[in-house]
Amino acid sequence: MYEAEIVLRHAGQLLTVPPSATGGAPDDVGLIEDGALAIAEGRVLWVGPTAELERHVKVTGDTGQYDLHGRVVTPGLVDPHTHLVFAGAREREFALRAAGRPYLEILAEGGGILSTVRATRAATEDELVRLALPRLQRFLTYGVTTVEAKSGYGLSLEHELKILRATYRVGELHPVRVVPTFLGAHAVPAEFRDRKAAYVRHLVDEMLPAVAGERLAEFCDIFVDDGVFSLADARKVLGRAKELGLRPRMHAGQFNDHGGPQLAARLGAASADHLEHVSPAGIRAMAKGGVVAVLLPGAALSLGQTPPDARRFTEAGVRVALATDLNPGTSMTENLPLMMTLGIAQLKLTPEQALRGVTDHAAAALGRSGRVGTLAIGAAADVAVFDVGDWRRLAYHFGVPHAEMVLIEGEVVWTRDRIRKVAPRRGSRKG
């Protein structure tokens, strides 16, 4: 019999979400009625019906116990695509797009990403940390326990390193697990205008080695589309990133299909993201290569685009994740459950697929399937408790925060009534 440090009892519905890495089916959310969860040393120790808890787990006077009175429990949610660290805002561009100005036209005139680059370059590292922490806190209040965070608003060696160092500090200061991605190939900066090839050489020869040398990122991303970077650029940048130990990811097919998904598959990329425009051949390549499709319905909504039909991916065997794409230009939101709503209503996912899209499949896009985004035994005890009676209400009653309590590695890090920061018991919780 195992001894528990923390026990949650009487969850009306406890969803374990068995990981796809061990055969979890896309529509299997591992639902347990009147469920219980036992935690020890920051890991899931046991999970099952409350009635069977004390037959399997030793509960002592020192065990922290919580009676959930029928609330819903899921794995802590995972957001696999955000631009967490930036300065400035772009409400004016939101109005311009509403008046009919295309996004790529705004970018070509020095707006869009380049507008945020100017504001972020002007900010100090301390200021970027101060701006990012409230965003990460809002993620937590929606039940999110792991967030990917891209750079990409510096577009120079000095400022990309500044963003990545700020990202590291934010992850150390806040309980939410932060996974850093280098996105120096987000756009061509103004000082390299009409000299894109020179900027790509700068990325390959100087920026990537510096990022890898300081171990500031786990992934390398690139934006492949009209007006930004080509497939040939992506091969150079991501190929060099792989040599330096950074796993590839890719913005692909947001505005036009340039074959990005096929290259992502050839390079062993963890994910291809956006995918509003993707060919059947690209989807087949992703399925064969195990590339996760990270769909971003908030960006499509903000830009007035037709969102991708997720059934094209699921029917081909591609794992589908959902993400907020938090960024100041095209998806200014930390509400990951709202992406479940859009995933069901607009992308045609089932509720089960949408939940997996913000848990296990999102974890897979970050190379963490089986470690987070699941309540399988041995996984990190990242737990979200929601004040609802049926888990499907998370997407059905949309736009509001339903989370009531959140645990990360077995520590209660947030409740609706108060916030408590707890240092990890063992090492760092950034893995």
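Coordinate-derived values only; no laboratory data. In this text, all values refer to a predicted model and were calculated from it rather than measured experimentally. No Cβ is skipped: glycine too gets one built from the backbone with ideal geometry, and neighbour counts run over all protein chains shown.
The table for this structure:
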{"item": "Computed [θ] at 222 nm, deg cm²/dmol, the chain (DSSP H ≥ 4; -39,500 (n - 2.57); rounded to nearest 500)", "result": "-9000 deg cm²/dmol"}
{"item": "Among the listed pairs Lys58/Lys348; Lys162/Lys288; Lys162/Lys236; Lys196/Lys348; Lys242/Lys348, those beyond 32 Å (Cα-Cα)", "result": "Lys58/Lys348; Lys162/Lys288; Lys196/Lys348; Lys242/Lys348"}
{"item": "Lys, Arg +1 and Asp, Glu -1 on Cβ, resulting dipole of segment 78-365 about Cα centre, debye, nearest 20", "result": "340"}
{"item": "Fully extended contour minus Cα-Cα distance, from Ala21 to Glu172, at 0.36 nm per residue", "result": "51.5 nm"}
{"item": "Whether segment 78-365 is rounded, prolate or oblate, judged on the alpha carbon gyration tensor where a/c under 1.5 counts as rounded", "result": "rounded"}
{"item": "Alpha carbon centroid spacing (whole Å) that separates segment 179-210 from segment 327-373", "result": "29"}
{"item": "Mean-position separation - Cα centroids, segment 46-61 and segment 390-415, in angstrom", "result": "23"}
{"item": "Segment 102-248 - Kirkwood radius from inverse mean 1/r over Cα pairs (Å)", "result": "15.7"}
{"item": "Rg(Cα)/(2.2 N^0.38 Å) for segment 51-129, N = residue count", "result": "2.09"}
{"item": "Least to most buried among Val59, Val291 (fewest other Cβ within 10 Å first)", "result": "Val59, Val291"}
{"item": "Over segment 78-365, relative contact order from alpha-carbon pairs under 8 Å, at least 6 apart, %", "result": "18"}
{"item": "Ranking of Ser115, Ser230 by count of other Cβ atoms within 10 Å, fewest first", "result": "Ser230, Ser115"}
{"item": "Average projected area [Cα convex hull, segment 92-140], square nanometres", "result": "4.4"}
{"item": "Segment 297-406 - convex hull of alpha carbons, volume per residue in Å³", "result": "113"}
{"item": "Potential lengthening between His69 and Asp387 on full extension [0.36 nm per residue; Cα-Cα distance subtracted]", "result": "113.5 nm"}
{"item": "Within segment 162-265, trypsin sites (Lys or Arg not before Pro) in DSSP loop having at most 15 other beta-carbon neighbours inside 10 Å", "result": "Arg193, Arg195, Arg215"}
{"item": "Mean separation of Cα contacts under 8 Å, 6 or more apart, over the residue count of segment 151-304: relative contact order %", "result": "16"}
{"item": "Thr124/Arg55 FRET efficiency (R0 60 Å; Cβ-Cβ; nearest 0.05)", "result": "0.60"}
{"item": "Dipole axis of the chain (+1 Lys, Arg; -1 Asp, Glu on Cβ), positive-most option in Val385, Val129, Val412", "result": "Val129"}
{"item": "Packing-based exposure ordering (other Cβ within 10 Å, fewest first) of His258, His186", "result": "His258, His186"}
{"item": "Label-to-label distance, nm, for residues given as Glu41 and Glu105 (7 Å Cα→Cβ offset)", "result": "6.1"}
